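What follows is a set of notes on a single structure, which appears directly below.
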Amino acid sequence: MAFIVVAIWGSTFVFTKMLLLTGLSPAQIFTLRFIIAYLLLLGYSLTRKKHRWFSDSLKDEFLLLALGVSGGSLYFLTENSAMNHTTTTNTSLIVSLSPLVAAALISIFYKSQRLNRVQVVGTLMAAVGVVIVVLNGRFVLHLSPVGDSLAFSAALCWGFYSLLMISANKKYDAVFITRKVFIYGLLSMIPYFILRPAEVSIFNLSVGDSQLSILNFQLSTIVNLLFLGCVASMLCFVAWNWVLKKLGAVVATNYVYFNPVVTILFAWWLLHEHITVWFLLGTGLILAGMYLADKKK
């Protein structure tokens with residue numbers, strides 16, 4: 001399940017790029033996909049006998065709020081904003097190393113989640129494979145303090161999301177946690193839209209000559225949004241939160257290393273980008289590293 005989820009997430013970069021080319025901003029794409037996901041998950045939750053709106057305590061509610069910010073709004077905003085200040089290569093490379101950040105954070109608070117020696121070798125091998133895949137034989141990095149810091153902030157957000165999910169999974173089921181992540185991710189976007197009111201125009205249902213509206217979306221745009229909302233957000237977030245509970249946060253997060261491999265495969269398929277020998281070498285290291293990182297002994 002972890003492999004399938006990461007494979008789907010790897011494809012989202014390509015579909016998001018297609019939506020960006022239509023004129024949608026990263027914040028608008030994130031908001032629309034989370035609205036779709038939340039409404040569908042809410043509808044499913046209302047059909048369950050043990051439906052609940054809130055957690056058991058105010059402390060737990062703040063925990064779910066932190067999950068919505070770290071794994072939702074703040075993660076997507078920092079990741080997408082990073083590409084406005086630095087190269088896509090830098091952003092992909094730094095964000096794809098989020099398992100290292102997550103492992104470091106989790107090992108500080110949970111001794112039981114620490115990797116053994118074989119798993120450490122595996123996760124480092126996979127990290128090297130990610131570097132090779134992302135750089136793709138072009139070993140030139142352009143330093144950009146602002147952009148690189150934003151990309152690292154995104155990796156840090158995902159690390160904290162993985163860390164906080166350990167506590168949440170002990171008390172609540174994956175569906176409830178995911179639904180709260182979606183709603184708090186959306187609510188935490190309100191300050192952003194207040195500061196940038198022009199981006200709210202996408203939600204205006206009146207069609208104007210110079211205004212992009214939901215009513216103006218083409219069929220391909222709607223299909224891409226439905227894929228991101230229904231599959232990549234609703235189904236994948238529920239599945240991923242379940243995976244974190246079953247495999248443990250550190251082992252599960254290591255599967256994120258395979259993300260750039262899937263991205264390049266979809267870019268080759270849909271955007272006609274080339275696959276090189278560096279890609280094959282890096283993919284081999286990632287797969288071998290993921291195998292070692294998954295070994296408990």
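The values are calculated or read from the model by the stated rules, or taken from the named source; none is laboratory data. Here the structure is a predicted model, which is why all the values come from computation and not from measurement. Methodologically, a virtual Cβ is constructed for each residue, glycine included, from the backbone with ideal geometry; neighbour enumeration extends over all protein chains shown. For the accessible areas, the whole protein counts, side chains as well, though only heavy atoms, and no ligand, DNA or RNA atoms are used. Shrake-Rupley method; radii C 1.70, N 1.55, O 1.52, S 1.80 Å.
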Requested in this report: Of the numbered conditions (1) surrounded by 18 or more Cβ atoms within 10 Å (Cβ to Cβ); (2) free of Cβ contacts under 8 Å to residues at least 12 places away in the same chain, Ala27 fails exactly one; give the number of that condition.
Outcome: (2)
Query - Which numbered condition Ser57 misses (of (1) hydroxyl-bearing (Ser, Thr, Tyr); (2) surrounded by 20 or more Cβ atoms within 10 Å (Cβ to Cβ); (3) free of Cβ contacts under 8 Å to residues at least 40 places away in the same chain) - result: (2)
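Taking Ala7, is it more than 14 Å from Thr178 (Cβ to Cβ) and crowded, with 22+ Cβ neighbours inside 10 Å?
Numbers: more than 14 Å from Thr178 (Cβ to Cβ): yes; crowded, with 22+ Cβ neighbours inside 10 Å: no.
Answer is no for this residue.
Please verify whether Ser45 is of a type in the set (S, T, N, Q), open to solvent by less than 20 Å² (accessible area, probe 1.4 Å), modelled with pLDDT of 80 or more and touching a His at 6+ places or on another chain (Cβ under 9 Å), treating the condition exactly as stated.
Values: of a type in the set (S, T, N, Q): yes; open to solvent by less than 20 Å² (accessible area, probe 1.4 Å): yes; modelled with pLDDT of 80 or more: yes; touching a His at 6+ places or on another chain (Cβ under 9 Å): yes.
So Ser45 passes the test.
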Query - Flag for Ala126 being touching a residue at least 40 places away in the same chain (Cβ under 8 Å), within 22 Å of Ile194 (Cβ to Cβ) and under 23 Å from the mean Cα position of the chain (by Cα) - result: no
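For region 223-250, which residues satisfy the criterion of being under 13 Å from Ile8 (Cβ atoms) and either in contact with a Gly (Cβ under 7 Å, 6 or more places away or on another chain) or buried (at least 19 other Cβ atoms within 10 Å of the Cβ) (or both)? Walk me through how you get there before you give the answer.
Filtering region 223-250 down to residues under 13 Å from Ile8 (Cβ atoms) leaves 227-240, 243.
Once the filter is applied, which keeps residues that are under 13 Å from Ile8 (Cβ atoms) and either in contact with a Gly (Cβ under 7 Å, 6 or more places away or on another chain) or buried (at least 19 other Cβ atoms within 10 Å of the Cβ) (or both), region 223-250 yields Leu228, Gly229, Ala232, Ser233, Met234, Cys236, Phe237, Val238, Trp240, Val243.
In the list Thr253, Thr178, which residue meets the criterion of being buried (at least 18 other Cβ atoms within 10 Å of the Cβ), under 22 Å from Thr78 (Cα atoms) and at pLDDT below 85?
Values: Thr178 fails: at pLDDT below 85.
Going through Thr253, Thr178 in turn, the sole match is Thr253.
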